[in-house]
Amino acid sequence: MASLFTNTVLGIVLLFVLVVLATAIKIVKEYERAVIFRLGRVVGARGPGLFFIIPIFEKAVIVDLRTKVLDVPVQETITKDNVPVKVNAVVYFRVIDPVKAVTQVANYVVATSQIAQTTLRSVIGQAHLDELLSERDKLNMELQKIIDEATDPWGIKVSTVEIKDVELPSGMQKAMARQAEAERERRARITLAEAERQAAEKLRDAAEIVSQHPMALQLRTLQTISDVASDKSNIIVLTLPMEMLKLFRSLSDTADAVKAKLEEEARKEE
């Protein structure tokens, strides 16, 4: 009976020793750190790898150092030019000081999420709609700077903030579509007018060349006739060159002058 009692006591002691050793041995991964509390006071961070703590007197809080992705839910706000929008974003952050992340804030993930939401509404409220749509990189940098400064006392480093979607009211979308269409039409008209101006300049230059070299007009006429003659179904109407018209007019004027002179001499003889 005494031997059985002794074996039972030894078994209990051995079990207690094993439990104590199990609680004293800690292993943390490469991307983790263990914040050690001794009698309620922080004594530092340990890891990665194997280490020991004093059971009952020390407690280890494991902190993940990997980059976390925080999805900021849709925020309804009004831009500086009084346009209601719905905006959401994504935040990339990681813990760089595990002691601060454990001791300075109760839940650094929730705290970072709340800071990101309020900052997103504030920054969008100070920006115009055109700036929100065309200068998103600038707003992303501003958001990252503000959130990083707010979370720095918690040992958090915010590396990137990206605005994902911007949802506009349907009426504003239609207005922007009409504006874009009007802008495209304006550019098309300007392009057409510029083309016509350039064509007019080329025609003016060609007219000046032809006026200085009349033979160029005849060569152009012959070239046109050659192009038209390639299609046998066309009827070609030849026009007389301007020089021939001038010649006929000169002969007609000469004939009229001779006729008038002869009539005058005939009257004198009578």
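The values are calculated or read from the model by the stated rules, or taken from the named source; none is laboratory data. What you see is a predicted model, and the numbers here were worked out from it, not measured in a lab. All Cβ positions, glycine included, derive from the backbone under ideal geometry; neighbour counts span all protein chains shown. Surface accessibility is based on the protein's heavy atoms, side chains included, excluding ligands, DNA and RNA. Shrake-Rupley method; radii C 1.70, N 1.55, O 1.52, S 1.80 Å.
From the list Arg186, Arg197, Arg220, Arg204, the one residue that fits, being modelled with pLDDT under 70 and out of contact with any strand residue (DSSP E or B) (no Cβ under 8 Å at 6 or more places or on another chain), is Arg220.
Checking Thr112, Thr67, Thr79 one by one, the residue that is modelled with pLDDT under 90, closer than 30 Å to Gly125 by Cβ and of a type in the set (S, T, N, Q) is Thr79 and no other.
Say whether the condition of being surrounded by fewer than 16 Cβ atoms within 10 Å (Cβ to Cβ), touching a residue at least 12 places away in the same chain (Cβ under 8 Å) and not in a strand (DSSP E or B) is met by at least one residue in region 36-51.
Just the residues of region 36-51 that are surrounded by fewer than 16 Cβ atoms within 10 Å (Cβ to Cβ), to begin with: 38-44, 48-51.
Within this subset, residues satisfying the condition of being touching a residue at least 12 places away in the same chain (Cβ under 8 Å) are 38-39, 42-44, 48-51.
Keeping just the survivors that are not in a strand (DSSP E or B) gives 39, 48.
Yes, that holds for at least one residue.
Here Asp81, Asp97 are screened, and the one residue that is open to solvent by 40 Å² or more (accessible area, probe 1.4 Å) and farther than 30 Å from Arg41 by Cβ is Asp81.
Matching residues to (1) in a strand (DSSP E or B); (2) among the aliphatic types (A, V, I, L, M):
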residue: Gly11; (1), (2): no, no
residue: Ile56; (1), (2): no, yes
residue: Val63; (1), (2): yes, yes
residue: Val69; (1), (2): yes, yes
residue: Asn88; (1), (2): yes, no
residue: Val102; (1), (2): no, yes
residue: Val105; (1), (2): no, yes
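Val109 falls short on exactly one of the conditions (1) under 20 Å from Lys157 (Cα atoms); (2) surrounded by fewer than 20 Cβ atoms within 10 Å (Cβ to Cβ); (3) touching a residue at least 60 places away in the same chain (Cβ under 8 Å), and that condition is (3). When Val91, Val87, Val123 are checked against the criterion of being open to solvent by less than 10 Å² (accessible area, probe 1.4 Å), more than 30 Å from Lys59 (Cα to Cα) and out of contact with any strand residue (DSSP E or B) (no Cβ under 6 Å at 6 or more places or on another chain), a single residue qualifies: Val123.
Quick one: would you say Thr67 is surrounded by 13 or more Cβ atoms within 10 Å (Cβ to Cβ), within 30 Å of Ser134 (Cα to Cα) and in contact with a helix residue (DSSP H, G or I) (Cβ under 9 Å, 6 or more places away or on another chain)? Reasoning before the result, please.
Working: surrounded by 13 or more Cβ atoms within 10 Å (Cβ to Cβ): yes; within 30 Å of Ser134 (Cα to Cα): yes; in contact with a helix residue (DSSP H, G or I) (Cβ under 9 Å, 6 or more places away or on another chain): no.
No, not satisfied.
Does Lys145 satisfy the criteria of being part of a strand (DSSP E or B), open to solvent by 70 Å² or more (accessible area, probe 1.4 Å) and modelled with pLDDT of 80 or more? Against the criterion (part of a strand (DSSP E or B), open to solvent by 70 Å² or more (accessible area, probe 1.4 Å) and modelled with pLDDT of 80 or more), Lys145 does not qualify.
From the residues in region 148-182 that are of a type in the set (D, E, K, R) and farther than 23 Å from Val69 by Cα, which one is least open to solvent (accessible area, probe 1.4 Å)? Walk me through how you get there before you give the answer.
Start the filter on region 148-182 by keeping residues that are of a type in the set (D, E, K, R), which leaves 148-149, 152, 157, 162, 164-165, 167, 174, 178, 181.
Imposing the further condition that a residue be farther than 23 Å from Val69 by Cα reduces the set to 174, 178, 181.
Numbers: Lys174: 131, Arg178: 150, Glu181: 110 Å².
Selected residue: Glu181.
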